[in-house]
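Here is the structure we will look at, set down as structure tokens.
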Amino acid sequence: MSEVQEREVVIIGGGAAGLTAAMYAVRYGLNSVLLTEGAPGGQTATAATIENYPGFPDGVSGAELMARLTQQAENTGVEMESVRANAMERDGERWQLLTDGPSYSAAAVILCVGASPRRLKVPGEEELFGHGVSYCATCDGFFYRDRTIAIVGGGNTAIEEALYLADIAEKVYVIHRRDELRADAVLAQRVEDTDNLEVIWDSVVTQVNGDDLIESVTLHNQKTGEDSTLKLEGLFVSIGFEPNTEFVADLLELEDGFIVTDQRMATSQPGIFAAGDVRVTPLRQITTAVGDGAIAADSAHKYVSERR
Ligand code: NAP
């Protein structure tokens with residue numbers, strides 16, 4: 001039988017919420033570990049510039065902010081394991097966690113597993129992923145210097161990424177399904193002020209075309225009903241995120257896939273807490289994720305202390 005590690009608290013997910021929860025857990029003197037699939041940093045690490053995180057008057061790149069937070073966690077004494085959590089089940093008063101490494105037995109678990117980029121789910125998208133289709137502008141934007149590209153979506157992420165890409169590419173189309181952006185007004189204004197950015201309104205991508213590399217997308221205008229072809233060399237998809245809750249779907253109360261919590265970050269199961277983008281919340285930001293992480297660790301501390 002594989003090794004089982006006993007912990008008071010296991011935190012799953014190495015983004016802003018998880019790193020914060022893990023730091024607080026250490027400071028509360030809890031025997032804890034942070035499980036993070038791959039390097040810590042989460043979604044934030046892929047953001048080009050963050051202008052609304054307090055304390056950085058000139059903004060900060062997502063990579064730098066998360067490198068600093070990871071360093072701070074390490075300095076605090078957070079123990080991190082690079083493993084993927086696959087399943088969770090109750091074991092008496094405790095929770096058993098199965099991973100692709102060791103198994104864990106925990107009195108409390110804090111889920112900070114965030115969300116993954118939503119797919120368009122149209123023909124050609126999967127086949128041309130990595131061949132012109134991307135879900136991360138800051139990761140792949142560099143490859144499109146002086147090219148013609150498009151980004152799908154009208155939210156804050158899409159528009160921030162479009163503005164970032166406009167500095168690199170020759171021409172950037174924003175393909176949005178409505179006639180109004182969802183993004184904050186300050187970002188929408190910047191789109192208007194950027195010469196090589198053009199919004200294609202009321203339109204959805206119905207097909208991604210190309211053999212080995214992307215060549216064009218087929219667009220459907222939802223108002224006029226017309227179909228058209230847009231030639232391009234890269235397509236960035238930025239249409240929101242889906243919560244990474246598959247492995248707890250049978251265990252916890254969810255709403256649209258997101259974990260339902262109370263204001264103490266407690267889920268529908270005793271001893272399981274959730275923080276950050278993965279939970280039902282009115283605002284998904286780094287500021288709210290770190291706040292959630294701190295509250296979740298405080299709740300886990302109380303929960304564990306009462307049972308010692
Ligand atoms: P989001 O706000 O949910 O926006 C998703 C965008 O994609 C929307 O414009 C939506 O269209 C569109 N969309 C969704 N499904 C689609 C589909 N199947 N086909 C075509 N278009 C589709 O997601 P997000 O921009 O990633 O932001 C996530 C959260 O993080 C938000 O709360 C956001 O405010 C926050 N955030 C904040 C900042 C900041 O404050 N600087 C930066 C990044 C993210 P509709 O508009 O028609 O729904």
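I'm trying to understand the selection: among the residues of segment 246-285, which are surrounded by fewer than 17 Cβ atoms within 10 Å (Cβ to Cβ) and under 26 Å from residue 53 (Cα atoms)?
260, 262, 263, 264, 280, 282, 283
Starting from segment 233-245, keep only residues that are more than 15 Å from residue 166 (Cβ to Cβ) and assigned by TED's automatic domain parsing to the domain that holds residue 154, then list their pairs with residues that are within 10 Å of the ligand (Cβ to nearest atom) and among the hydroxyl-bearing types (Ser, Thr, Tyr) whose Cβ atoms are within a distance under 6 Å, requiring at least 6 positions of separation or different chains.
Between residues of segment 233-245 that are more than 15 Å from residue 166 (Cβ to Cβ) and assigned by TED's automatic domain parsing to the domain that holds residue 154 and residues that are within 10 Å of the ligand (Cβ to nearest atom) and among the hydroxyl-bearing types (Ser, Thr, Tyr), there is no close pair.
With the checklist (1) within 16 Å of the ligand (Cβ to nearest atom); (2) part of a strand (DSSP E or B); (3) open to solvent by 30 Å² or more (accessible area, probe 1.4 Å); (4) modelled with pLDDT of 95 or more in hand, flag the one item residue 242 doesn't pass.
It is condition (4) that residue 242 fails.
Scan segment 117-128 and give yes if some residue there is among the hydrophobic types (A, V, I, L, M, F, W, C) and touching a Ser or Thr at 6+ places or on another chain (Cβ under 8 Å), otherwise no.
Yes, segment 117-128 has at least one match.
Of these, 233, 306, 215, which one is open to solvent by 60 Å² or more (accessible area, probe 1.4 Å), away from the ligand (no atom under 12 Å from the Cβ) and within 30 Å of residue 92 (Cβ to Cβ)? Explain how you work it out, then say what you get.
Working: 233 fails: within 30 Å of residue 92 (Cβ to Cβ); 215 fails: within 30 Å of residue 92 (Cβ to Cβ).
Selected residue: 306, the only one of 233, 306, 215 that is open to solvent by 60 Å² or more (accessible area, probe 1.4 Å), away from the ligand (no atom under 12 Å from the Cβ) and within 30 Å of residue 92 (Cβ to Cβ).
Which of the strands (runs of 3 or more DSSP E) contained wholly in segment 85-124 include at least 1 residues that are assigned by TED's automatic domain parsing to the domain that holds residue 248 and under 16 Å from residue 304 (Cβ atoms)? Outline the logic, then answer.
Numbers: elements: 85-91, 94-99, 103-111, 115-117.
Where strands (runs of 3 or more DSSP E) fall fully within segment 85-124 and carry at least 1 residues being assigned by TED's automatic domain parsing to the domain that holds residue 248 and under 16 Å from residue 304 (Cβ atoms), they are 85-91, 94-99, 103-111.
Could you grab the pairs with beta carbons closer than 7 Å, sequence gap of 6+ or different chains, first residue in segment 167-184 and within 7 Å of the ligand (Cβ to nearest atom), second one among the hydroxyl-bearing types (Ser, Thr, Tyr) and in a strand (DSSP E or B)?
From segment 167-184, the pairs are 177/203.
Considering only residues that are assigned to a loop (DSSP other than H, G, I, E, B), within 16 Å of the ligand (Cβ to nearest atom) and modelled with pLDDT under 95, look in segment 7-52 and name the one that is most open to solvent (accessible area, probe 1.4 Å).
Top of the filtered list is 51.
Among the residues of segment 194-202, is there at least one that is among the hydrophobic types (A, V, I, L, M, F, W, C) and away from the ligand (no atom under 16 Å from the Cβ)?
Looking through segment 194-202, none of the residues is among the hydrophobic types (A, V, I, L, M, F, W, C) and away from the ligand (no atom under 16 Å from the Cβ).
Does residue 203 satisfy the criteria of being of a type in the set (Ser, Thr, Tyr), open to solvent by less than 30 Å² (accessible area, probe 1.4 Å), touching a Leu at 6+ places or on another chain (Cβ under 6 Å) and in contact (Cβ under 8 Å) with a residue 24 or more places away in the chain?
Judged against the criteria, residue 203 is a match.
Looking at 245, 229, can you tell me which residue is under 30 Å from residue 270 (Cα atoms) and among the polar types (S, T, N, Q)? Even if it seems obvious, please write down each step before you answer.
Numbers: 229 fails: under 30 Å from residue 270 (Cα atoms).
Only one candidate passes the filter, namely 245.
Do we find that residue 214 is touching a residue at least 60 places away in the same chain (Cβ under 8 Å) and farther than 26 Å from residue 113 by Cβ in this structure?
Taking the combined requirement at face value, the residue satisfies it.
The values are calculated or read from the model by the stated rules, or taken from the named source; none is laboratory data. The model shown is predicted, which means the values in this text are computed figures rather than measured ones. Because the Cβ atoms are built from the backbone with ideal geometry, glycine has one as well, and the counts that use them run over all protein chains shown. Ligands, DNA and RNA are stripped out before the accessible areas are found, and what is left, the full protein with its side chains, is counted by its heavy atoms. Shrake-Rupley method; radii C 1.70, N 1.55, O 1.52, S 1.80 Å.
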